[in-house]
Every structure is written in C-alpha cells, then in structure tokens.
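Okay, structure first, notes after.
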Amino acid sequence: MTQSWAHLDPLAALRTPDDPPWDVYLTGTVFLDIIFTGLDSAPVRGTESWARGMGSSPGGVANMATALARLGLRTSLAAAFGDDHYGEYCWDVLQQGEGIDLSTSRTVPGWHSPVTVSMAYEGERTMVSHGHEPPPEEPAPDCPPRARAAVASLTPGRSAPWIAQAARTGTRVFGDVGWDDTGAWDLAGLTDLRHCEAFLPNAEEAMRYTGTGCPRAAAHALTEYVPVAVVTLGAEGAYAVDRRTGESAEVPAIAVEALDPTGAGDVFVAGFVTGSLAGWPLADRLAFAGLTAALSVQDFGGSLSAPGWSEIGAWWRKVQSVDGQDPAALRRYAFLERLLPAAARPWPLQRAVPTIGFGRSG
C-alpha cells in the first residue's frame, strides 16, 4: 500500500466515478464540550473540586463526524451552529481542521451554542448541559445529499423524514439510540428502525427493548427488526449478529487506561461503519470498532480524541512487540496488517486544549 498515514482511504479499492459525493452523511446538534478529568470523586454539594486536567472540543454529533473523517471517510454534516465564538470555533475545527463538509450546515443568528461540561472520574462521567432548540428550519435535512451511508440517532415515538428519503436513494442507514426517557422501551416506537441496515444499542438498551435478560439473546431478537444487530457490552467488548449471512461475532474489549470516556460510543459506531463500507467480515468490523473506541478514551474530549490511522498503526506495532501476548488475540487484529501503510511520519492530529483560541494572535 502506497497511501500515507494522513491520507489513508479505506475505500480506495471500491471507488468508482459514479460514487455518491459523500461516504457518510449525518445530522444532529453540535455542542461545545468542556471536559474536566483527574477528579478523585464526583463533585460533592457545598464543596469545591479541582481537576488535574481540562480540555475543550466540539461535541455532540461532532464526535461521530470527526471519528468518521479521521478514518478516511468523506463526511458531510448538517448541523446548526451558534453565531457566538463557541460556534465559530466548532465550525473552524470541523471544516478546516478535520475536512468535514458543512455545506448543509448553517450559522443561526442570535442563537447561542449548546454547551456540555463533562466531569470524568473513576472511569465514569457526569455531565451538565445547557442549550436551546434552534429554529426548526435551521438546518433542514429533509433532502440529504447522496451518500454511501448515513448514521441516524433514533428517537422513540418520533420519525425523521430524511432517514426514509436517504434509504430510498440507496444510502445504507446505521442507527443508534439513546436512553428512552419515556420508559416505554417499545421497538414499535422506533419507526425509523425499518429503514436501517444495522442497529447499535448498548447492552442495557438492547435488553430493555427486547425484554430479554442476556445481551446476546437481545442481539438475536433484534435481528427480527433489522438485518444487523450490534450490542456493546462495556468492559466485556461487543457482540454482533448478521441475519442475512447467519454470522455472529464476539470480540473482547481492549484494556486501556481511560482518561475520558466521552464519545467512545460514537467512535465505536464510526469504526463499525468504516468496516461495513469497506466490506470487511463481521468479526473484523467489530474488532476494529472496539479498537478505535479504546484508543479514543486515552485523550480528552469526544471529537478530538478520535484516533486516526497513525494511532491505529502505532498501537498495532506496539502490541506485537510486547512479550507474552496471546497469539489468538494477535490474530484477531491481523487484518490490520493489510490496511496499514509502512511506518511513516505520523500525521499530527488536533487535540482538545484547555482554552479556546489558545495561541491565536489578537
């Protein structure tokens, strides 16, 4: 392979002149994330806590958009941005820094950027957010651009017209979901699930939606509604079933020292989408998704902690050099060998910094 770290394209062998302009389309809310790490415990009422680390970066849907772009996918994002300094910062980072297409995004006059403060401690996190809904026409993703795939966040009891429109034009839709605050946990309420090729809930969500007591049984039950079900198992890894081929796969989690778990689920989805578009076997897709998520928790922030191919390559070289590795575990990731270019100067990725605009001249 002659590609460099900076421009590795996992879909290079599949591209044709008739391809859609984008590999992945997504829409959602961009937050400014402010992350505190190194807390000894959760904040206690009436006391002041000091964090040993802090970072700021775009968050929300920006987490997944950045993860996809850093894996070499041509990514288009439709989102509303505030016309404040936070909004300008997020726009610049995503468009100029990460090469994400924002032609379907827009700045909303008089609307301030949503903000999330995340506090990481003992492998967990606590978040406080503030924001207002943008005007409904800002942006309007009813006519999504042509893309190989789209990532859709499914909302119980609510349908998003763009999802059906994208599926009708041949876009492969990957659905994720958040906690059901209604408590209904009714799959019939996820009306857009019928347009999805894959559904990627966590274990608790999967079991509640299917009424099962085992996440693996839940994955199999979900394939009655969607062709591919992927259930993340936290520290145990992930399990997936493909109804179309009859395949199932389970990959254990990679043990790493977690600095900040923000956005790890988004990075997992991005890794799985990348492998799916590249046509990899189910087990390889699952292993790659888990690896990218594990690498992401070692840096601040959900978006700017997402790994690129240089980090993936560095991990693969390092893990092979450690004595006493389980040969079977190494074989699980041997597919990386054919993807990664020869060792080269790593491309420097932008990381979260404590102060927005740090280093700019006035």
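The values are calculated or read from the model by the stated rules, or taken from the named source; none is laboratory data. What you are looking at is a predicted structure, and each value in this text was computed from that prediction instead of being measured. Cβ coordinates were reconstructed from backbone atoms using ideal geometry, including for glycine residues, and neighbour counts include every protein chain displayed. Note: areas computed on protein heavy atoms with side chains; ligands, DNA, RNA excluded. Shrake-Rupley method; radii C 1.70, N 1.55, O 1.52, S 1.80 Å.
The figures follow:
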quantity: More than 21 Å apart - percent of Cα-Cα pairs taken over the stretch 1-139; calculated: 52 percent
quantity: Among beta bridges that DSSP assigns inside the stretch 1-151, antiparallel share in %, nearest 5; calculated: 45 percent
quantity: Cα gyration tensor shape for the stretch 110-221, rounded if a/c is under 1.5, else prolate or oblate; calculated: oblate
quantity: Fraction of antiparallel bridges per DSSP, the chain only, in percent to nearest 5; calculated: 50 percent
quantity: The stretch 9-71: relative contact order in percent, alpha carbon pairs under 8 Å with at least 6 residues between; calculated: 40 percent
quantity: Quarter of the Cα convex hull surface for the stretch 206-334, i.e. its orientation-mean projected area (nm²); calculated: 8.4 nm²
quantity: Value of [θ]222 nm, deg cm²/dmol, for the chain, DSSP H segments ≥ 4, -39500 (n - 2.57) each, nearest 500; calculated: -7500 deg cm²/dmol
quantity: Ranking by accessible area, most exposed first, for SER159, SER303 with a 1.4 Å probe; calculated: SER159, SER303
quantity: Assigned charges on the beta-carbon of Lys, Arg, Asp, Glu; the chain dipole about Cα centre (debye); calculated: 860 debye
quantity: Gyration tensor verdict on the chain (Cα atoms; rounded if a/c is under 1.5, prolate if a/b is larger than b/c, oblate otherwise); calculated: rounded
quantity: The chain - accessible surface per residue (Å², probe 1.4 Å); calculated: 46 Å²
quantity: Simple label model, 7 Å out from Cα along Cβ direction - ALA188 to LYS318, nm; calculated: 5.1 nm
quantity: Size of electric dipole in the stretch 79-154: Cβ of Lys, Arg +1 and of Asp, Glu -1, about Cα centre, debye, nearest 20; calculated: 280 debye
quantity: Order of exposure, largest accessible area first, which applies to TYR25, TYR121 with probe 1.4 Å; calculated: TYR121, TYR25
quantity: Estimated FRET transfer efficiency (ASP40, ASP83; beta-carbon r; R0 35 Å; 0.05); calculated: 0.35
quantity: Taking the chain and dividing mean pair separation by its residue count, relative contact order in percent (alpha carbons under 8 Å, at least six apart); calculated: 19 percent
quantity: Apportionment of accessible area to carbon and sulfur, the chain, percent (1.4 Å); calculated: 53 percent
